[in-house]
Amino acid sequence: MVWVKLGLAVILVVAASLAVLVSCSSTFNARAYSALQGDNKPYSPFEIADGLYYVGANGVSSYALETDIGLILIDGGYAETAPIILSNLAELGFAPTDVTLLLNSHGHMDHAAGLAPLKEATGASLAATPESAAELARGGRDDFYLGDYMAFASVTADILLSDRDALDWGGRAITPISTPGHTRGCTSWAFEVSVQGETRSALLICSLSILQYPLVDNKKWPGIAGAFQKTFDTLERQPCEVFLTVHGRLMDLDGKKSRIGGDPSAFIDPEGCRSYIAYARDRFEDRLASQME
């Protein structure tokens, strides 16, 4: 699998430069950043596995998971992604009020800004780990690297979850896995799904991107390198058959979607999962070694 090596880091530099030149609101930042990314276009929803649906935009992922008491919705995209998600749910036959639980991977505006409007539209509860809840309550402000650039409407968690403490929601067990690095509260999510009658372990991996982070002598987060290393150790041990990511390109969303009609097992990709984790770890270790020099 070929990974995009510059992408987000280059776009962040360009978008941040625009923000310096123009005194603007977080809404402008979001629209400028999204326009540069080209990642918030409508995208037809589809079923990945029994009761697991892709409902996000073309570039920022969102997933709906059926339970006995409604849908779990993971990630809200930009504020402007919320209507896309709701439209996709309607196309699949779900009403907004069918969503009863909201989860999030991390507190950056391209994954969390949609949570506030989605919470209002659905009436769903929001569950998060304490570190993630703090990011969401701040609306992404005072980020250790981005400052207020990725700010969004703050949203309050209703349920606090402990790392690896599975939440039983309508007969569906879903487990938060603390994977800090990209943000302090970065959370991956593990759960089981059925594919062609067989139970498979699904893993939604929070972003592993290191952007241009200082990994050595980071005054705002002295322990960032250790956090990343622990995250990679954690993910390498985690079962991962159905491989899911917060950006579709990282899991070959388009390619797998094109195959799933004739191959229901298209998203069973443990090799792709391991390759992604290994690639991200190699990039981290190279950057760390370079900074230590």
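The values are calculated or read from the model by the stated rules, or taken from the named source; none is laboratory data. All values reported here derive from a predicted model rather than from experimental measurement. Counting neighbours? That spans all protein chains shown, and the Cβs are built from the backbone with ideal geometry, glycine included. Areas reflect the complete protein model, heavy atoms only, side chains present, ligands, DNA and RNA absent. Shrake-Rupley method; radii C 1.70, N 1.55, O 1.52, S 1.80 Å.
Some notes on this structure:
- Checklist (1) modelled with pLDDT of 95 or more; (2) open to solvent by 10 Å² or more (accessible area, probe 1.4 Å) applied to ILE277, failing item: (2)
- THR100 of a type in the set (Ser, Thr, Tyr) and part of a strand (DSSP E or B): yes
- Restricting region 252-269 to residues that are open to solvent by less than 60 Å² (accessible area, probe 1.4 Å) and not in a loop (DSSP other than H, G, I, E, B), the residue that is nearest to GLU192 (Cα to Cα) is ILE268.
- Selection status of ALA128, in contact with a helix residue (DSSP H, G or I) (Cβ under 9 Å, 6 or more places away or on another chain) and more than 22 Å from PHE243 (Cα to Cα): no
- Filtered residues of region 177-188 (kept if part of a strand (DSSP E or B) and free of Cβ contacts under 8 Å to residues at least 60 places away in the same chain): SER178
- Top-ranked residue in region 217-237 [being open to solvent by 50 Å² or more (accessible area, probe 1.4 Å) and in a loop (DSSP other than H, G, I, E, B); ranked as farthest from ASP75 (Cα to Cα)]: ASP217
Per-residue answers, yes or no, for (1) open to solvent by 10 Å² or more (accessible area, probe 1.4 Å); (2) out of contact with any strand residue (DSSP E or B) (no Cβ under 6 Å at 6 or more places or on another chain); (3) over 29 Å from ASN29 (Cα atoms):
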{"position": "GLY76", "(1), (2), (3)": "no, yes, no"}
{"position": "ALA79", "(1), (2), (3)": "yes, yes, no"}
{"position": "ILE85", "(1), (2), (3)": "no, yes, no"}
{"position": "ASP98", "(1), (2), (3)": "yes, no, yes"}
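- Unique match (being at pLDDT 50 or above, in contact with a helix residue (DSSP H, G or I) (Cβ under 9 Å, 6 or more places away or on another chain), open to solvent by 40 Å² or more (accessible area, probe 1.4 Å) and not hydrophobic (A, V, I, L, M, F, W, C)) among ASN29, ASN40, ASN58: ASN58
Residue-by-condition table, conditions (1) farther than 22 Å from TRP221 by Cα; (2) among the charged types (D, E, K, R); (3) open to solvent by less than 10 Å² (accessible area, probe 1.4 Å):
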| position | (1), (2), (3) |
| --- | --- |
| GLY93 | yes, no, no |
| LEU102 | yes, no, yes |
| LEU126 | yes, no, yes |
| GLY140 | no, no, yes |
| TYR149 | no, no, no |
| ASP158 | yes, yes, no |
| LEU161 | yes, no, no |
